[in-house]
Amino acid sequence: MISYILRRTVAAVILLLVVTAVTFAIFFLLPRLAGQTADQLAQQYIGKSPTKADIAAVKQNLGLDQPLYIQYWHFIKGIVAGATYDLGPTTTHCNAPCFGYSFKNHVEVWPQLTSRIPVTLSLALGAAVMWLVSGVVIGVISALKPGSFFDRTFMGVALAGVSLPMFFTGQLALFLFTFQWPIFGRTYVPFTENPAQWANTLIPAWCSLALLYSAIYARLTRSGMLETMNEDFIRTARAKGLRERKVVARHGLRAALTPIITVFGMDLGLLLGGAVITESVFSLPGIGQYAVQGITDNDLPPILGVTLLAAFFVVIANLLVDLLYAAADPRVRLS
């Protein structure tokens, strides 16, 4: 088991290096291939109507006039060891991990991300618990009673949940439960300040995300359970005299967890990288809203920082999924 964890950890580190290379290529190589010059790339880091001196200073400061492999080395070095930016009369040091420096707002990107991570974390984890529990429970009951009124009703609701986009269900929940009937709060409050108001503000966002994702998990669980409950080892477990609850929970559900773990890891990793639509609809100051602000302001460093952080969360989520595979199915450890 230890060797399995080490192999997966090394693979995750290599994948993170590949992710940084791909991210660098997207933001620095592809524009060059599309015909942009170093001056045009430098102009993206400064405000409107920049002077030639401003463009030349930024281009030299970021090394955009250097070969791409040197630029990539500085890019990696900045993440690991930090970077120093010469802003003319002053010099600013960006501490590691340096995910960039916004020349428009004159702030480092990483502190902005870390201040917003708790908001996105609160949104993602709260919604994940709701959709995972509700989706798996509904899927198991539907699989045990296929064709029943419960099965038809909740599978219909699940189909509607998958079909309705977040910007519709989010706006509807916001209108009904915040404006029409002011049950929930509008302004996000950190958990450390007021836990009750923190939860009260996030419940509409949690429910909107849970409606979308729990539908997917209910259908996945139902199809997996229908297939698993007809296997030979289930009949053997029943023939041994095990209680039906134990057969379902310990043997049937455990064997059907593999696709659920896969989807859950990817969904949670993507949400931790920023739920752009949800945070925008509910005005939550998280990573997704920070990315939207960067796009609106045409500020490249925040966009680059959010991209790297989102990729990191997805890679870590994949690593945890691999470890959960080994815990759920011992056969994975032998492969």
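The values are calculated or read from the model by the stated rules, or taken from the named source; none is laboratory data. From a predicted model like this one, the values you see are computed outputs, not experimental measurements. Note: ideal-geometry Cβ built from the backbone for every residue, glycine included; neighbour counts use all protein chains shown. These area figures cover heavy atoms from the full protein model, side chains too; ligands, DNA and RNA do not enter into them. Shrake-Rupley method; radii C 1.70, N 1.55, O 1.52, S 1.80 Å.
Numbers for the structure displayed
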| item | result |
| --- | --- |
| Cysteines in the chain that, by Cβ-Cβ distance, have no pairing candidate under 4.7 Å | Cys207 |
| Surface share of carbon and sulfur [accessible, 1.4 angstrom probe, percent] for the chain | 66 |
| Point-to-point label distance, Glu193-Ala25, nm (Cα→Cβ direction, 7 Å offset) | 4.4 |
| ³J(HN,Hα), Karplus 6.51/-1.76/1.60, whole Hz, each residue of region 149-161, x for Gly, Pro | 4, 4, 4, 5, 5, 6, 5, x, 5, 5, 5, 5, x |
| Cα centroid of region 28-80 to Cα centroid of region 275-303, whole Å | 23 |
| Cα-projected label distance for Asn105 with Lys246, points at 7 Å along beta-carbon direction, nm | 5.7 |
| Contact order normalised by residue count of the chain, Cα under 8 Å, 6+ apart, percent | 22 |
| Under 5 Å, built H, 5+ apart or other chain: amide partners of Val107 | Ser102 |
| Along the chain, longest interval not containing exposed trypsin sites (Lys or Arg not before Pro), exposed being DSSP loop plus at most 15 other Cβ atoms within 10 Å | 49-185 |
| Helix 68-81 axis, angle to the chain major axis (alpha carbon atoms, nearest 10°) | 70 |
| Surface per residue (accessible, 1.4 Å probe) for the chain, Å² | 53 |
| Fraction of alpha-carbon pairs over 32 Å apart in the chain - percent | 45 |
| Nonlocal amide H pairs with Tyr85, under 5 Å, H built at 1.01 Å | Thr92, His93, Cys94 |
| Charge sum, other residues only, whose C-beta stays under 13 Å from Asp151's C-beta, Lys/Arg counted +1 and Asp/Glu -1 | +4 |
| Within the chain: Cβ-based charge dipole about Cα centre, in debye rounded to nearest 20 (Lys, Arg +1; Asp, Glu -1) | 1280 |
| Table column - 3J(HN,Hα) (Hz), region 103-112, Karplus curve with 6.51, -1.76, 1.60, x for Gly and Pro | 6, 7, 9, 6, 9, 6, 6, 4, x, 5 |
| Dipole magnitude of region 99-206, debye to nearest 20 (Cβ charges: Lys/Arg +1, Asp/Glu -1, about Cα centre) | 140 |
